[in-house]
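Below is one structure, written out as structure tokens; the observations come after it.
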Amino acid sequence: MPDHVATKLLVLGIWFVSVYAHELGHAMAAYWGGDRAVRDRGGFSPIQIWFNNPWMGLVLPAIILMFTGFAFPGAATRVNRSSLRDSGVVSLVFLAGPAATLAITAALVGITFVLSPGLLRTALALSVFLNIMSFLLNLLPLPSLDGFGAIGAHLPGRVEHWMYRAAVPTMVLLVLLLFAVPQAAAKLTDACLRGATLVGIEQRDVIEGFQRFTVGLTR
């Protein structure tokens, strides 16, 4: 199997696991916080979370990742907020996803440390970089992202509802910003590379992994 194909399969496979762990974090926090029916809605299922919204939750984020290298959030855990104990628990549920992303990132970093230089290490290094990107994007205080969810729980209901109505155009603007403004994409990439370096990942491993991952996808 060519190196670039193996890298694509490894990175996408790790990304799917990371997204599932992220959504499982939401579901477990919701279950603890009072939404016991989250299990029946498939919140703990690695398959059901994709079926909630397969296009927006799986297909589109995977396409964006493959062709641009941007790790946008995917999937969505359905939580019944009225079952949660209070607004503090709602915030915790939203933040549990990014916390799970950090846990997966830490596990990937630990594995990378014991690997010899080669394809597997560069694929995991790229996965660490992408998880850091997903973590940072998820914490933006924009409607439909976890950062806003944690804050929105403490806003007046009418304001929160109005903000969520603007979720789709807000996400479109974010995507356009990263695609159309090179400086914005460069700042995000630089922040993620700095984060990867901070936890001990070699920048050259990330770059080599990205080069293999994008073979055949870009000119």
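Bear in mind these aren't lab numbers, they're just calculated from the coordinates by the rules spelled out. What you are looking at is a predicted structure, and each value in this text was computed from that prediction instead of being measured. Positions of Cβ are generated from backbone atoms using ideal geometry, with glycine treated the same way; all protein chains shown enter the neighbour counts.
In the chain, the longest principal axis of the Cα atoms and the axis of helix 167-180 are about 20 degrees apart.
Sorting Trp32, Trp15, Trp162 by the number of Cβ atoms found within 10 Å of their own Cβ, with the fewest placed first, yields Trp162, Trp32, Trp15.
Here the simple spin-label model places points 7 Å from the Cα toward Cβ, and for Ala167 and Met66 these points are separated by 2.6 nm.
Ranking Ala100, Val181, Ser83 by Cα position along the charge dipole of the chain, where only Lys, Arg, Asp and Glu carry charges on their C-beta atoms, puts Ser83 farthest toward the positive end. Summed over qualifying helices (DSSP H, 4 residues or more, each -39500 (n - 2.57)) and divided by its residue number, the chain shows a 222 nm mean residue ellipticity of -22500 deg cm²/dmol.
Using a Förster radius of 45 Å, what is the FRET efficiency between Asn80 and Ser116 based on their Cβ-Cβ separation? Nearest 0.05, please.
FRET efficiency, Asn80 to Ser116: 0.40.
Could you compute the FRET efficiency for Gln48 and Val199, with r as their C-beta to C-beta distance and R0 at 30 Å, rounded to 0.05? The formula returns an efficiency of 0.40 here.
Take each peptide in 89-95, 124-130, count the other Cβ atoms within 10 Å of every residue, and average; sorted highest first, the result is 124-130, 89-95.
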